[in-house]
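Visitor: Pasting in a structure now, in structure tokens, and then I'll have a few things to ask.
All of the numbers you see were taken from the coordinates with simple rules; none came from a lab. Remember, predicted model here, so these are calculated numbers, not experimental data. Please note: Cβ atoms are built from the backbone with ideal geometry, for glycine as well, and neighbour counts cover all protein chains shown.
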Amino acid sequence: MSKGGALQRNKFTVRHQKRSSASETNKMTPAQMARYLAFADPSQPKVKEMLAAVLMKDRNLVPEEEKVAEQKNLIGVLKATEARNRLRNTRLQYQNLRAQEINFLISFQRNAKGAVRLEVFLPPRKNLRKLADCMNTVQRSRIEEILEDETARF
């Protein structure tokens, strides 16, 4: 086989590896330039310069009005996001204060039966999982004992 062949003893070699000089890359059409940049190694300094030049040309082609409109749109999106975060923080703060007040009321009940009933009818936090059981059998039997106790007063 020849030296420039595609396969030599199960090893692949490149047939044509053409290096472009700076003068040749400047003479390329945009399609050729795009094809060259698609397969060039981006870590090479010459390729970095070419990519930067292409990006700068693209940036300079955009009219000033579009740039201003895009910046205004971005500012609007940022303001909306900040407003959403402020609302979320205010809502969380309200929920935490409400939960603290309810826990305070529950803790100052005269007896355990009143505290359990208040906690059942006025939960400190909204429970999204209403069907989930958060108590084990020992806790449940103790609470049932307290609720069935006739001597306890409210």
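Visitor: Under the 0.36 nm per residue contour assumption, what length would be gained going from the current alpha-carbon distance of Leu122 and Phe104 to full extension? Provide the component values of the computation, followed by the final result.
Guide: Values: separation 18, 0.36 × 18 = 6.48 nm, distance 1.21 nm.
Taking Leu122 through Phe104 to full extension adds about 5.3 nm, to one decimal.
Visitor: How much length, in nm to one decimal, is gained on full extension between Gln93 and Ala52, taken as 0.36 nm per residue of separation minus their Cα-Cα distance? Write out the running numbers ahead of the final one.
Guide: Values: separation 41, 0.36 × 41 = 14.76 nm, distance 4.81 nm.
Taking Gln93 through Ala52 to full extension adds about 10.0 nm, to one decimal.
Visitor: Give me log10 I(q)/I(0) at q = 0.13, 0.14, 0.22 Å⁻¹ for the range 71-141, Debye formula, one equal scatterer per alpha-carbon, no solvent.
Guide: The Debye formula, applied to the Cα set alone, gives -0.59, -0.63, -1.03.
Visitor: Please work out the Kirkwood hydrodynamic radius for the range 19-104, using every pair of different C-alpha atoms, and report it in angstroms with one decimal place. Write out the running numbers ahead of the final one.
Guide: Numbers: mean 1/r = 0.0560 Å⁻¹.
Computed over Cα pairs of the range 19-104, the Kirkwood hydrodynamic radius comes out at 17.9 Å.
Visitor: About the Cα centre of the range 48-154, how large is the charge dipole given +1 on each Lys and Arg Cβ and -1 on each Asp and Glu Cβ? Please answer in debye to the nearest 20. Could the numbers behind the result be given before it?
Guide: Working: 21 positive and 15 negative charges, 33 e Å.
With Lys and Arg at +1 and Asp and Glu at -1, about 160 debye.
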